[in-house]
Amino acid sequence: MQILDLNYWDTRHRTGDTPWDIGYAAPALTDYFDQIEDRTLKVLIPGAGMAHEALYLQQQGWTDITICDISESALKKVEQQLMPEPQVRLVSGDFFALEDSFDLIMEQTFFCALDPALRSRYVDKMADLLVEGGKLFGLLFCKHFDHQGPPFGGDKNEYISLFSNKFYIKTMENCYNSIPQRAGSEVFSYV
Ligand SMILES: C[S@@+](CC[C@H](N)C(=O)[O-])C[C@H]1O[C@@H](n2cnc3c(N)ncnc32)[C@H](O)[C@@H]1O
């Protein structure tokens, strides 16, 4: 089993071995952001990779966006894409070591990138990072992969039981506006 540490992820980013990167902000996520009026909400995108959604948010006038990734190489590339304004803060480091609080946290292929043994720690950490009334939303794979992860898959029932340890689950539904190559294999989660 691979050790999914800084070295593993930084090598993948440095060598361009990033098949998860769809190259643009996912519509299911931008649609969700677009219906929120208050663009001063403090947003976190953990395990952000190329962080296409952060650039989208910046263009849409959101003012307080933090992206976190363990790979410095990824963040160096992101820095070159962002507009030079200060709305986006880049945090190079481990999500589990973050100490801050947020109104809104977005998930996309970060949960599935972690060793499944860390899933309940992920849920606990998300709950710690959110302010009272804060929301975690995003996309989770609802399929099991026939190869060794990452990505590591799962299913809706597993996620409901996992997230309900710390959250009230408002939505955990098959995603209707996935990108074509992920159609039918994602749930939209909002807790
Ligand atoms: C599968 S990629 C997804 C990237 C991005 N969310 C996307 O959808 O394109 C997983 C990302 O999580 C980052 N990562 C892995 N473990 C991490 C950790 N413990 N803390 C912060 N970032 C981490 C990796 O460097 C990688 O960029």
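The values are calculated or read from the model by the stated rules, or taken from the named source; none is laboratory data. As the structure is a prediction and not an experimental result, all values here were calculated from the model. Every residue, glycine among them, receives a Cβ derived from its backbone with ideal geometry; neighbour counts consider all protein chains shown.
Overview of results
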item	result
Complete set of residues in the range 1-30 that are within 12 Å of the ligand (Cβ to nearest atom), among the β-branched types (Val, Ile, Thr) and either crowded, with 19+ Cβ neighbours inside 10 Å or closer than 16 Å to Leu75 by Cα (or both)	Thr11, Thr18
Condition met for Phe33 (of a type in the set (Phe, Trp, Tyr), touching a residue at least 24 places away in the same chain (Cβ under 8 Å) and within 14 Å of the ligand (Cβ to nearest atom))	no
Hits in the range 144-155 - residues which are surrounded by fewer than 16 Cβ atoms within 10 Å (Cβ to Cβ) and either charged (D, E, K, R) or touching a strand residue (DSSP E or B) at 6+ places or on another chain (Cβ under 8 Å) (or both)	Asp146, Asp155
Residue check for Ala54: touching a Lys or Arg at 6+ places or on another chain (Cβ under 9 Å), crowded, with 16+ Cβ neighbours inside 10 Å and modelled with pLDDT of 95 or more	no
In the range 118-163, the residues that are within 13 Å of the ligand (Cβ to nearest atom), assigned to a helix (DSSP H, G or I) and hydrophobic (A, V, I, L, M, F, W, C)	Leu118, Met126, Leu129
Verdict on Leu82 being over 22 Å from Arg14 (Cα atoms) and in contact (Cβ under 8 Å) with a residue 24 or more places away in the chain	no
Residue list for the range 106-117, restricted to those being touching a helix residue (DSSP H, G or I) at 6+ places or on another chain (Cβ under 8 Å) and within 17 Å of Lys166 (Cα to Cα)	Met106, Phe111
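Every residue, every condition in (1) surrounded by fewer than 18 Cβ atoms within 10 Å (Cβ to Cβ); (2) hydrophobic (A, V, I, L, M, F, W, C); (3) touching a residue at least 24 places away in the same chain (Cβ under 8 Å); (4) within 22 Å of Gly23 (Cβ to Cβ), yes or no:
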| position | (1), (2), (3), (4) |
| --- | --- |
| Phe110 | no, yes, yes, yes |
| Asp115 | yes, no, yes, no |
| Asp128 | yes, no, no, no |
| Phe137 | no, yes, yes, yes |
| Asn157 | yes, no, no, no |
| Lys166 | yes, no, yes, no |
| Cys175 | no, yes, yes, yes |
| Ser185 | yes, no, yes, yes |
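Table: residues versus (1) of a type in the set (Val, Ile, Thr); (2) farther than 27 Å from Lys156 by Cα; (3) near the ligand (Cβ under 9 Å from one of its atoms).
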position	(1), (2), (3)
Ile45	yes, no, yes
Tyr56	no, yes, no
Ser71	no, yes, yes
Gly93	no, yes, yes
Glu99	no, yes, no
Asp103	no, no, no
